[in-house]
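What follows is a single structure, written as structure tokens, with notes after it.
Every read-out reported here was derived from the displayed coordinates using simple, explicitly stated rules and does not represent laboratory data. Keep in mind that what you see is a predicted model, and the values were worked out from it rather than measured. Backbone-built Cβ (ideal geometry, glycine too); neighbour counts: all protein chains shown.
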Amino acid sequence: MALDNYRELSVSSSEVGTGFQFEFHCAQCSRKWKSAFKPYRRGQLSNLMARFGWMVGIGHGASHHLGNASDMGLHGARESALGAAREQAARMFTTCNSCSDTVCEDCWSARDSSCKKCAGQHTAEAGRNERHAGAAAGRGASAAMACPNCRTALNGGRFCAECGFDMASTHKTCPSCGTMVERQTRFCGDCGHSF
């Protein structure tokens, strides 16, 4: 894809210093790069001869013909200079496939193969999706969990909000006789109390 992030700094074909130069810029920061000035020799020579012709009095017609000779190759020379400048700029700028911005190497994320702006959006979106998925899983897990002592649905925390059972403990106390039994026990081994 040809880089279009440039502005033309070329000197017009009506001046002695005729030539081509282009300034490329990053779409996301202020970094710029200028191609080397490429003189347009035919235009420079034609303009120099036209000025000399005016000085010695050759006249307007001859200078007009010299200008036409200069303009004949102008478009091709400009395109050639622009192509060479684009080749050099392609080493310093990359076009993002997501947003089509042309960015410098500082604004490009090689790891994500996109500009840092798009990579940041993808990262933020992935983080939001993970948080939503985690919250949904958390709601499902807490609704599925119930206090082993009183079977009340749990909504987090170490103690049951209904009976005060310690969710972190490995044992429980029988409310009838006070005997310690394993947490998974459904009936007290001493008094037969049902949990």
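Compute the length gained on full extension between residue 153 and residue 169: take 0.36 nm times their separation in residues and subtract their Cα-Cα distance, giving the result in nm to one decimal.
Details: separation 16, 0.36 × 16 = 5.76 nm, distance 1.75 nm.
Extra length available between residue 153 and residue 169 comes to 4.0 nm.
Extending each Cα 7 Å along its Cβ direction at residue 105 and residue 34, get the distance between those two points in nm, one decimal.
In this crude spin-label approximation the distance works out to 2.2 nm.
Report the far tail of the P(r) of the stretch 146-195, meaning the percent of Cα-Cα pairs longer than 14 Å.
For the stretch 146-195, the fraction of Cα-Cα distances above 14 Å is 46 percent.
Need the full-extension length gain, residue 177 to residue 146, defined as separation in residues times 0.36 nm minus the C-alpha distance. One decimal, nm.
Details: separation 31, 0.36 × 31 = 11.16 nm, distance 2.34 nm.
Difference between extended and current length: 8.8 nm.
Using the 10 angstrom Cβ neighbour count as an exposure proxy, how do 95, 170 rank, fewest first? Kindly include the intermediate steps, with their values, before the conclusion.
Values: 95 18, 170 8.
Taking fewest neighbouring Cβ atoms as first place, the list is 170, 95.
Determine the gain in length on full extension of the stretch residue 75-residue 194; use 0.36 nm per residue of separation and subtract their C-alpha separation, reporting nm with one decimal.
Values: separation 119, 0.36 × 119 = 42.84 nm, distance 9.59 nm.
Residue separation times 0.36 nm, minus the Cα-Cα distance, leaves 33.2 nm.
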